[in-house]
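Have a look at the structure below, then the notes.
The values are calculated or read from the model by the stated rules, or taken from the named source; none is laboratory data. From a predicted model like this one, the values you see are computed outputs, not experimental measurements. Cβ coordinates were reconstructed from backbone atoms using ideal geometry, including for glycine residues, and neighbour counts include every protein chain displayed. Only protein heavy atoms, including side chains, enter the accessible area calculation; ligands, DNA and RNA are left aside. Shrake-Rupley method; radii C 1.70, N 1.55, O 1.52, S 1.80 Å.
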Amino acid sequence: MTDGDSERTGYETDEPGWDVFPGDESGLVVAVGRQIRLWREEAGLRAAEFGEAIGYGEGLVYKVEAGKRIPRPEFLLKADEVLGARGKIAAMAEAVAEARYPKKVRDLARLEAQAVELAAYRNHNLHGLLQTEEYARALFEMRQPAYSQEQVEQAVAARMTRRSVFERSPAPALGFVQEEVTLRRPIGGKMVLRRQLEYLLQVGKLRNVAIQVMPTVREDHAGMDGEIQVLKFRDGAAMGRSEGAFAGRLVSDPKELRILEFRYGMIRAQALTPQESLAVIEQVLGET
């Protein structure tokens, strides 16, 4: 997400930069702010003078230096130039830009980017990797307690970044089982749902992707304990979590993983085949 993305998404902020996400680790942001302050003081500039030199307000300078505001890359590039840091401040731009995403999302994105196989079951809404931008935004906008609009945009941007997994080469094997109700629940309204279903059909036809639907009328269902996700890596290691197992924590112990894999295997067996599932998605799209 570039500096102009706030305008492209229809979201504008009165103050450049990003909020530090609530409950997030902000150590990097604090350290960067401290470094900027040290460079500024060494240059003999007051905050107001420094802000004027780089085209930002004094208040923003103080917030960045205190680690209370995540600076955009252009802020760091201008600061590097004005303070004569010779690339030392500019070099932090990429890492700082990533900090605008919630830490748990950054960690999940890294795991997904390394996985050679992903298996997931969802029952309330569509898996994050399968969501369109407008569907994801609608989900975040209905969160309670409510997110600020800036936090919504940060969360949406983070979720869209994760979809780069579909562009990887070699392509990972991606398997999703979705409850039928997640295809019918009009998150964001009927048109948002229609475009979401169209996107599912597009992704579901990729050779490395299998989307299966669990019919609502199915009497036997191994997924009553909630969502499941298992990731497998090139070195043979694996990780997984489930809402209804091991207190919902991420597990890597082979004995615990076997339980999750067995449960997911049963869910897949009880769900429709990928071909049957695409037919159901097309049917729901026609009814929407």
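Taking the Cα centre as origin and putting +1 on Lys and Arg beta-carbons and -1 on Asp and Glu beta-carbons, what dipole magnitude results for the stretch 23-84, to the nearest 20 debye?
Result for the stretch 23-84 is approximately 160 debye, rounded to the nearest 20.
For the chain, what's the radius of gyration and Dmax over Cα atoms, in angstrom?
22.2, 73
Could you work out the Rg to Rh ratio of the stretch 176-288, with Rh taken as the Kirkwood radius (inverse of the mean 1/r over all Cα pairs)?
Working: Rg = 15.5 Å, Rh = 15.3 Å.
Result: Rg/Rh = 1.01.
Can you compute the charge dipole magnitude of the stretch 197-288 about its Cα centre, using +1 on each Lys and Arg Cβ and -1 on each Asp and Glu Cβ, nothing else charged? Give it in debye, rounded to the nearest 20.
In debye, rounded to 20, the stretch 197-288 gives about 440.
Which one, M160, H127, V32, is farthest towards the positive end of the dipole of the chain when Lys and Arg carry +1 and Asp and Glu -1 on their Cβ?
Farthest towards the positive pole: H127.
Taking all protein chains together and a probe of 1.4 Å, list Y121, Y147 from the most accessible to the least accessible. Kindly include the intermediate steps, with their values, before the conclusion.
Values: Y121 5, Y147 65 Å².
The most accessible residue leads, giving Y147, Y121.
Under a plain spin-label model, where a point goes 7 Å from the Cα along Cα-to-Cβ, how far apart in nm are E94 and E141?
According to this spin-label approximation, the distance is 3.4 nm.
Please list, in order along the stretch 129-144, the HN-Hα scalar couplings obtained from phi with the Karplus expression 6.51 cos²θ - 1.76 cosθ + 1.60 (θ = phi - 60°), rounded to whole Hz, x for Gly and Pro.
With the stated coefficients, the stretch 129-144 comes to 5, 9, 7, 6, 4, 6, 5, 4, 4, 4, 4, 5, 6, 9, 4, 9 Hz.
Calculate, for the chain, the solvent-accessible area per residue in square angstrom, rolling a 1.4 angstrom probe over the heavy atoms of the protein chains.
Value returned for the chain: 51 Å² of accessible area per residue.
What's the extension gain from S164 to T288 if we count 0.36 nm per residue and subtract their Cα-Cα distance?
41.8 nm
Once label points are set 7 Å from the Cα along Cα→Cβ at both L28 and A171, what is their separation, rounded to one decimal in nm?
Placing both labels 7 Å beyond Cα along the Cβ direction yields 3.0 nm.
Counting only protein chains, not ligands or nucleic acids, how are H221, H127 ordered by accessible area (probe 1.4 Å), most first?
H221, H127
Given a 1.4 angstrom probe, I'd like the percentage of the accessible area of the stretch 209-288 that is carbon and sulfur, rounded to a whole number. Don't jump to the answer; show the numbers that get you there.
Values: 2350 of 4450 Å².
Of the solvent-accessible surface of the stretch 209-288, carbon and sulfur hold 53 percent.
Could you check which residue among E42, E117, E65 shows the biggest mean-square fluctuation in a GNM of the chain with a 10 Å Cα cutoff?
Highest fluctuation of the listed residues: E42.
Per q in 0.17, 0.20 Å⁻¹, report the Debye log10 I(q)/I(0) for the stretch 76-145, using one uniform scatterer on each alpha carbon and no solvent.
Debye curve over Cα of the stretch 76-145, log10 I(q)/I(0) at q = 0.17, 0.20 Å⁻¹: -0.83, -0.96.
Positive end of the charge dipole of the chain (Lys, Arg +1 and Asp, Glu -1 on Cβ, about the Cα centre): tell me which of I70, Q114, P145 has its Cα farthest that way.
Going by the Cα projections, it comes out as Q114.
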